[in-house]
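This report concerns only the one structure given below.
None of the figures in this text is laboratory data; all of them are computed from the coordinates on show. A quick note: this is a predicted structure, and the numbers were derived from the prediction, not measured. Here the Cβ positions follow ideal geometry from the backbone for every residue, glycine too, while neighbour counts run over all protein chains shown.
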Amino acid sequence: MNNSAKSMVVLVCRLVVGGIFIYASLDKLQHPQAFAQVIHHYRMVPYALLHPFAVFLPVLEFLVGAALVLGIKQRGAALILLLLNLVFMVAISSALYRGLDISCGCFNTDGGHGVGLSLLWRDALLLLGCLPPLVGCVAGPSILQLFKRKHGS
């Protein structure tokens, strides 16, 4: 695969993974109280930390997703999103193991997708999507670089 193709793979992965995390953060940012309840259902976070988690996690998802989309510190952003995916996979696996019948809270706070194996597969694919921007030798252009090229600035 030549550098241009590698660069395109990195760019597509950045846009898809970063965009998914930005989208996933939006409802949580609007409804932190409801997201705190979703976190509580997993029974993994102490009660005193529910609200800080409910505020911090979607802000982190949004900022790091935006950094990945824009190509700002993309390796660091990809690493953080990879680690978030691992945390989510552990939480989902734990809920499955304990037989919890709960909503994942991934994209909305009012129900949505229940925890299940399909959710683990989706997160595994997202995790794989983090790898090209993280380990790729070719960084891929930033959105700002693409915008400048298109408009001749």
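Data overview
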item: Unit charges on C-beta of K, R, D, E only; dipole of the stretch 1-95, Debye; result: 240 debye
item: CD proxy at 222 nm, helix term only [per DSSP H run n ≥ 4: -39500 (n - 2.57); per residue of the chain; nearest 500]; result: -25000 deg cm²/dmol
item: Span-like helix ranges in the chain, DSSP H, alpha carbon extent 20 angstrom or more, Kyte mean at least -0.5; result: 3-30, 50-70, 74-97, 117-135
item: Sorted by Cβ neighbour density within 10 Å, fewest at the top, the residues K6, K28; result: K6, K28
item: Residues Y97, Y42 arranged by fewest to most Cβ contacts within 10 Å; result: Y97, Y42
item: Rounded if a/c under 1.5, otherwise prolate or oblate - the chain, Cα gyration tensor axes; result: prolate
item: Spin-label zone in the stretch 60-91 - amide nitrogen under 12 Å from a point set 7 Å from the Cα of V45 along the C-beta vector; result: 60-61, 88
item: Loop-resident sites, the stretch 56-116, for trypsin sites (Lys or Arg not before Pro), counting at most 14 other Cβ within 10 Å (DSSP); result: K73, R98
